[in-house]
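For reference, the structure discussed in these notes is given below.
Any read-out appearing in this document is the output of simple, stated calculations on the displayed coordinates, not a laboratory observation. This one's a predicted model, so the numbers in the text were calculated from it and none came from an experiment. Heads up, the Cβs are rebuilt from the backbone with ideal geometry, glycines too, and the neighbour counts pull from every protein chain shown.
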Amino acid sequence: MASTIRVRATSSGETTEVQALIQHPMDSGFIKDSKGELIPPHFIQQLTFEYNGKPVFVADWGGGVSKDPYVKFAFKGGKKGDELKVSWVDNKGATDTTTAKIQ
Amino acid sequence: MTRTDNGFSATRRLILQGAGAVALVGLGNLPFAPAFAAANDKYPEEAFKQKTEADAIKSLYGKTAEASDKVKMDAPEIAENGAVVPVSVSTTLADVTSISFLVAENPVALVASYKIPAGTMPNVANRIKMAKTSNVIVVVEAGGKLYSATKEVKVTVGGCGG
């Protein structure tokens, strides 16, 4: 299966800017379907970005983050060609991981 | 009769092994739990259950935030679609360790909380859901203190209603 994570990490020399887009329903548990029944909560709880084995950014998310979530941040360092590891876990225990090369 | 005997003793052995395994797992958990939590920053389950922004901030940080003009929030005046509201924050404060986004009128106030390790910029952009017109609150933890910025975003179509 194709990865749910799309990530672009661009180094400007001193810093690396990271943009990530993840495919996930992010159901909050407060929205009703067409039959009027509540759609059970299903959302990513934690998204982690690791560089050189250390976390550079950790996102704790609730059901209030938009569907197919997007996040952008930047960290100091990061060389072109190095790998950035991205992984998430949702409230049902599902996970996905990918690595992206810094460009 | 011998078969029954064997069956019985096999079951008994299984039960004993099972009990042994449970005991081992039970003991094993204790020393490893804190190490695991430290390596894999714990998800703030309770903070994401709080209905008001004040309770969520208290649950997350154990203190209250003061408004600061050093926290800059970029959010639209009017959001046409409450399901996708782009909000970003940047700050000139030093030693930022965490940035959180809250929506006062959402059923759960806390939307997202980001841990900012040393070396990571205190700038974050993301997209959040808003049930209706509400104050959006950004909290920045810097040097052990909490600073916040608040902005009202008008929502024409809610993103959390049925």
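Assorted remarks:
- Fewest-first sequence of A:12, A:66, A:3, B:100 by Cβ atoms within 10 Å of each Cβ: A:12, A:3, A:66, B:100
- Loop-located GluC sites (Glu not before Pro) in the range B:63-106 whose Cβ has at most 14 other Cβ within 10 Å (DSSP): B:77, B:80
- Taking amide H positions as modeled 1.01 Å from N, with prolines and chain starts lacking one, the residues under 5 Å from residue A:28 and 5 or more places away or on another chain are A:42.
- For the range A:40-46, 3J(HN,Hα) per residue [Karplus equation, 6.51 cos²θ - 1.76 cosθ + 1.60, θ = phi - 60°, Hz, x = Gly/Pro]: x, x, 8, 8, 5, 9, 9
- Across the range A:74-87, computed HN-Hα scalar couplings (Karplus, 6.51 cos²θ - 1.76 cosθ + 1.60, θ = phi - 60°) run 8, 9, 6, x, x, 9, 4, x, 6, 9, 10, 9, 10, 8 Hz from first to last residue, x flagging Gly and Pro.
- Of all the options A:71, A:86, A:56, the one that moves most in a Gaussian network model of chain A with Cα springs shorter than 10 angstrom is A:71.
- The string of couplings for the range B:134-144 from the Karplus curve (6.51, -1.76, 1.60, θ = phi - 60°) is 7, 6, 9, 10, 10, 10, 10, 9, 9, x, x Hz, one whole number per residue in order, with x for Gly and Pro.
- The lysines whose alpha-carbon is closer than 17 Å to the alpha-carbon of residue B:42, local same-chain residues fewer than 8 away aside, are A:54, A:92, B:58, B:115.
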